[in-house]
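J.: Take a look at this one; I'll ask things after.
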Amino acid sequence: MKLWLRAILALVAAVASYGFYVYLPEYMLVLSSTMPLPIADATITIGSFTELVFYIKSIGFMIVGVSFAHSLSEKGDTAKPIFHLFRVLLKIIFYGLFIFVEFSVIEVASVTYGLYMSIDITVLIYFMMGGVVLDLILTILDFFITFLPKKSEDKAMGEDF
Amino acid sequence: MALPEWLVNAFNVVTPLVEWVIVLVTPIYIAIGGIFASIALMFIRILPSDSYVLSWIVMGAFIVLGIVFAVLAEKKRNE
């Protein structure tokens, strides 16, 4: 792909990851901590809630940078799998932080409408974590694809000379 | 509207298997989650807890590195 096309793609990726890793987590955490949804069972082990939001946001900023760099580099370059590895590591930390939160159940209750429902969010967090595990496996495969053929090329060159 | 009998029988066979898979996979998943959480805890100890400056610097460094590597690779390819 051409460089300018990849630059546009990288900008889109950076904006998307800003949305997914900085804006939305903060919005959801603040939303669930303030009044609209009373949380029945939430235990937070690291400091305070604002501290958690702070850590999630600061790791989200790093993910934004890595996503930009990752999608700017061309497929097959040596830099791409390295950026991918950094991104997976940061994602592991990101979802590791969410596991601290343990939103077991968010309960939505309304007397006036006779509404009562409880949503299990832990499952959602674990689903996302599964995505990260898959991403880790993909990164290892990416490393194989990028670094193994080069060795065989070197061997072939050596035989030729 | 009742389900046909063969479908009900098929579900009766499949459901315990799915439950077993869930029972076997859940501890592995929780263990992986624990590893993730411990990595996160280790990383948090390094991060400063009062300003976003360090994370912005890391973000900027990655953006600059990405641009530099992309331009270098492009130059190499043009040669």
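J.: Modelling each spin label as a point 7 Å along the Cα-to-Cβ direction, I'd like the B:Ser51/B:Ile22 distance in nm, to one decimal.
T.: Distance between the two pseudo-spin positions: 5.0 nm.
J.: Follow-up question, since we're still on this one. Debye sum, Cα scatterers, chain B, no solvent: what log₁₀ I/I(0) at q = 0.20, 0.25 1/Å?
T.: Each listed q maps to, in turn, -0.98, -1.08.
J.: I've got another one for you. Where does chain B land at 222 nm, in deg cm²/dmol rounded to the nearest 500, when only DSSP H runs of n ≥ 4 count, each adding -39500 (n - 2.57), divided by all residues? If you can, show how the numbers build up before the last one.
T.: Values: 2 runs with 68 residues, N = 79.
About -31500 deg cm²/dmol.
J.: Related question: Ignore the peptide's own chain and count Cβ atoms of other chains within 10 Å of each Cβ in B:69-76; give me the average, rounded.
T.: Numbers: counts 10, 12, 2, 2, 9, 5, 0, 1.
For this peptide, the per-residue mean of nearby foreign Cβ atoms is 5.
J.: In sequence order, what are the phi-derived ³J(HN,Hα) couplings for the range B:9-24 according to the Karplus relation 6.51 cos²θ - 1.76 cosθ + 1.60 with θ = phi - 60°, rounded to whole Hz, with x for glycine and proline?
T.: Per residue, the Karplus-derived 3J(HN,Hα) values read 4, 4, 4, 4, 6, 6, 4, x, 4, 4, 4, 5, 4, 4, 4, 6 Hz.
J.: Considering every Cα-Cα pair within the range B:1-46, what fraction, in whole percent, is farther apart than 14 Å?
T.: Values: 704 of 1035 pairs.
The share of Cα pairs beyond 14 Å in the range B:1-46 comes to 68 percent.
J.: Here's a follow-up. Shielding by partners for B:25-37, please: the mean number of other protein chain Cβ atoms within 10 Å of each residue's Cβ. Walk me through the intermediate numbers first.
T.: Values: counts 1, 1, 0, 1, 4, 2, 0, 8, 8, 2, 3, 12, 10.
Taking the mean over all residues of the peptide, I get 4.
A short reminder: the numbers here are calculations on the coordinates, not readings from a lab. Predicted model, so just to flag it, every value in this text is computed and none were measured. Ideal geometry is used to build each Cβ from the backbone, glycine not excepted, and the neighbour counts take in all protein chains shown.
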